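Undergrad: Dumping the structure here so I can ask a few things about it.
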Amino acid sequence: MKKWKYLTMTAVMGSALMLGACGSDSAQNGNNAETNAPASSGQDAADEKLQGAVAGDGSSTVAPIIEAVVEEYAGTQPDVKVSVGVSGTGGGFEKFIAGETDFSNASRPVKDEEKAKLDEAGIAFTQLPIAYDGLSVVVNPENDWAKDLTVEQLKKIWVEDGKEKKWSDIDPSWPDEKIVYYSPGTDSGTYDYFDEVILDGADLAKSATLSEDDNMLVQGVAGDKNAIGFFGYAYYLENKDKLSVVKVNGVEPTNETIEAGEYSPLSRELYTYVKNSAMKDNAAAYDFVKFTLEHAGDMAEAVGYVSLPEEKYTEALKTLEGLK
Amino acid sequence: MRYIDDTVVMKRMTKRITFNKIWKALFFLATTFALVTLAVLLYRIVTQGVDYLTIDFLTNFASRFADKAGIKAALVGSLWLMAVVAPVSIILGVGTAIYLEEYAKKNKLNDFIRLNISNLAGVPSIVFGLLGLTIFVRMMGLGKSVLAAGLTMSLLILPVIIVAAQEAIRAVPNEQREASYGMGATKWQTIVHVVLPAAIPGILTGSILALSRAIGETAPLVVIGIPVILQFLPNGLLSQFTALPMQIYDWAKRPQEEFQHVAAAGILVLMTVLLLMNSIAIFIRNKFQKRY
């Protein structure tokens, strides 16, 4: 009997202690964030300290840039609670439509059906560009035939036409081996962008291995001589030694060719879509997006993407100011 | 005269003994397979993650620099999550078990309830995530908060706790109840003073094991859309938060190889929490087991 009471007491006190510990942790939160903040972004520390919450979601391609921005932002405005999910471009828009987020990151422009649903929900939004990405097509380093592909060849390789394809079907001089496909998952903007630009919306090869985790794609292509895959430029950069990148219409994706728009049609803009009403009513949200546009270029370069030309950011900032 | 021919027997025996040995070896292989997998997994995670496992790792927020990245937000978030899941699921679960075992009469309705609780235990966790998203996050307007995620997780482990508690209560000898009634105690008094104290080790063991499932579960959190990029700690039940498995998944997806190591360090933290919880369960079981 006593043990039973003793146990209940321990359980109650234990949970009280745990909650207490959590509480004191959050009290120190402000201090820690300030001391942890890297100094690089300190120059334009805002005069007024804002408070509030900002919620976002969206593309996993954009996530590393936003994470860097959020980290820097916590140094200047420690009391603004920014939280960003990584549900993929499509998943992010779904939450944007449900009114759960103030901004949604996307690695492709908003689709018509998403636009219609946003209109229906009465959500006015604005598209702001934050960086460039060069969608990179990669093959195994042992692959010595597919070094330079035209858009037509890419289409022929990736389109679903009901039969199994071999490399020799694309070009008779290539090996008589089955092509193995690796592609980002259907919820990702990368999939949608590739599908639209290369396949004109036709179905992508059904035998493709789809994964939301780009590292799985890297491993897949690195482990199979006959594999081909595509993903964001950052993943190629980090795995340069394991993969070989395919030139598209003779152009290799590099920071220069992507920024100059020469790496076409696979270089794309990454966006964040902001809810107009949030920019107007939520000072913290406005301030965070402004901070994002001011620092997105540097942060993008830091995590393996390509910065937009300066004018584009200035223009986006002007658009944002118009929303206030 | 000999009735048994030794050589014939031995000939048969050898065959049977070999047969026995082959099966023994096969079953042993089956056992080692699981152990070897676990060992390889542990070895890989420990060698990858141990360098990143520092005090800073526990006290820093996530960062784009692998060597500055920390798990503070996720660790505290997971503790908050447990602070919701533990009371909600244990109170509801034990309550249901007491009703089903002590009060409910044996009729079709109660059989139907019992059957469905077992069914519920087999529902994939992602389905509970969808349920949580529709009901708690959207309909009740709780948002992606500690409370919404905690309630979802509670539903997920509720059937496990109910079944464990039912079994613990059923294991209490009936003589004990009858003795209590014989002393003039009411049903309620019997449950509180006789049945529950005797069943508590079994109930707690089952509950803690169920809670350790909840702390490692990712799918429902992904469906609810728990954010992973944040630089603050939750300060209330309606606050946004992130949890250990979400943070680990996010790191594992990063292009930079160092982040795979950071993810491994995160897994070590999660496993430490899990092992701690499991050892508490074992401790309770050993301490209170031999009462009858």
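No lab work stands behind these numbers, since they all come straight from the coordinates. This structure is a prediction, so every number in the text was calculated from the model and none was measured. Reconstructed Cβ throughout: ideal geometry from the backbone, glycine too, with neighbour counts over all protein chains shown.
Undergrad: Which whole DSSP H helices in chain B pass both tests: a Cα extent of 18 Å or more along the axis and a mean Kyte-Doolittle value no lower than -1.0?
TA: The qualifying helices are B:6-49, B:72-98, B:108-121, B:146-170, B:196-216, B:257-288.
Undergrad: Please give every one of the aspartates and glutamates within straight-line cross-link reach of A:Lys147, meaning a C-alpha to C-alpha distance under 12 Å, and leave out same-chain neighbours fewer than 8 residues apart.
TA: Result set, ordered by chain and number: A:Glu252.
Undergrad: Relative contact order (percent) for region B:141-262, with alpha-carbon contacts under 8 angstrom and 6 or more residues of separation?
TA: About 34 percent, as a whole number.
Undergrad: Which of A:Tyr273, B:Tyr181 comes first, and how do the rest follow, when ranked by fewest Cβ neighbours within 10 Å?
TA: B:Tyr181, A:Tyr273
Undergrad: Follow-up. With a/c under 1.5 counting as rounded, go ahead and sort the protein assembly as shown into rounded, prolate or oblate using the C-alpha gyration tensor (a ≥ b ≥ c being the square roots of the eigenvalues; past the cut-off, prolate if a/b is larger than b/c, else oblate).
TA: Because a/c hits 1.5 or more and a/b fails to exceed b/c, the protein assembly as shown counts as oblate.
Undergrad: Mind checking the angle between helix A:189-199 and chain A's longest principal axis? C-alpha axes, 0 to 90 degrees, to the nearest 10.
TA: Rounded to the nearest ten degrees, it is 20.
Undergrad: A further question follows. Tell me, what is the percent relative contact order of chain A, built from C-alpha pairs under 8 Å that lie six or more residues apart?
TA: 23
Undergrad: Follow-up. Can you give the helix-only mean residue ellipticity at 222 nm for chain A, where every DSSP H stretch with n ≥ 4 adds -39500 (n - 2.57) and the sum goes over all residues, rounded to the nearest 500 deg cm²/dmol?
TA: -14500 deg cm²/dmol
Undergrad: Need one value for B:215-227: mean number of C-beta atoms belonging to other chains within 10 Å of its residues' C-beta atoms.
TA: 3
Undergrad: Right, another one. Separation of region B:142-168 and region B:112-141 by C-alpha centroid, Å?
TA: 9
Undergrad: Ranked by Cβ crowding within 10 angstrom, fewest neighbours first, how are B:Met246, A:Met279, B:Met10 ordered?
TA: B:Met10, B:Met246, A:Met279
Undergrad: With n ≥ 4 as the cut-off for DSSP H runs, can you work out [θ] at 222 nm for chain B, using -39500 (n - 2.57) per run divided by the number of residues, rounded to the nearest 500?
TA: -23500 deg cm²/dmol
Undergrad: Taking Rh as the Kirkwood radius computed over C-alpha pairs, what is the Stokes-Einstein D of chain B at 20 °C in a medium of viscosity 1.002 mPa s, expressed in µm² per second?
TA: 95
Undergrad: Ok, one more. Can you pull the mean other chain C-beta count within 10 Å for peptide B:249-261?
TA: Mean partner shielding for this stretch: 5.
Undergrad: Can you sort B:Leu156, B:Leu268, B:Leu204 so the residue with the fewest Cβ neighbours within 10 Å comes first?
TA: With the sparsest Cβ surroundings first, the list reads B:Leu268, B:Leu204, B:Leu156.
Undergrad: Would you mind checking the tilt of helix A:2-36 against the longest principal axis of the Cα atoms of chain A, expressed as 0 to 90 degrees and rounded to 10?
TA: 70
Undergrad: OK, next. Near B:Lys287, which lysines are there with a Cα under 25 Å away, not counting those fewer than 8 places off in the same chain?
TA: A:Lys2, A:Lys3, A:Lys5
Undergrad: Pairs of Cα atoms under 8 Å, at least six residues apart: use those to get the relative contact order of chain B, whole percent.
TA: Once normalised by length, the contact order is 26 percent.
Undergrad: Can you give me the angle between helix A:283-302 and the longest principal axis of chain A, using Cα atoms only, in degrees from 0 to 90, rounded to the nearest 10?
TA: Rounded to the nearest ten degrees, it is 40.
Undergrad: Expressed in nm², what is the orientationally averaged projection area of the convex hull enclosing the Cα positions of region B:142-292?
TA: Mean shadow area of the hull around the Cα atoms is 11.4 nm².
Undergrad: Give the average, rounded to an integer, of partner chain Cβ atoms located within 10 angstrom of each Cβ in A:268-280.
TA: Partner Cβ neighbours, averaged per residue: 0.
Undergrad: In the protein assembly as shown, if the dipole is taken from +1 on Lys/Arg beta carbons and -1 on Asp/Glu beta carbons about the Cα centre, which of B:Ala281, A:Ala121, A:Phe103 is farthest to the positive end?
TA: B:Ala281
Undergrad: Which value results when the Cα radius of gyration for region A:106-162 is divided by 2.2 N^0.38 Å?
TA: Region A:106-162 yields a ratio of 1.78.
Undergrad: Treating only the Cβ of Lys, Arg, Asp and Glu as charged (+1, +1, -1, -1), what charge dipole size does region B:248-292 show about its Cα centre? Round to the nearest 20 debye.
TA: In total the dipole reaches around 580 debye.
Undergrad: Nearest 5 is fine: what % of DSSP beta bridges in the protein assembly as shown come out antiparallel, could you say?
TA: That works out to approximately 60 percent antiparallel.
Undergrad: If you don't mind, another one. Using a Förster distance of 45 angstrom, determine the FRET efficiency expected from the C-beta separation of A:Ala116 and B:Leu115, and round it to 0.05.
TA: 0.55
Undergrad: How many lysine pairs does region A:217-296 hold where the Cα atoms are under 18 Å apart and the two sit 8 or more places apart or on different chains?
TA: So the count works out to 5.
Undergrad: If you put +1 on each Lys and Arg Cβ and -1 on each Asp and Glu Cβ, how big is the dipole of region B:77-231 around its Cα centre, in Debye rounded to 20?
TA: Dipole of region B:77-231, to the nearest 20 debye: 300 debye.
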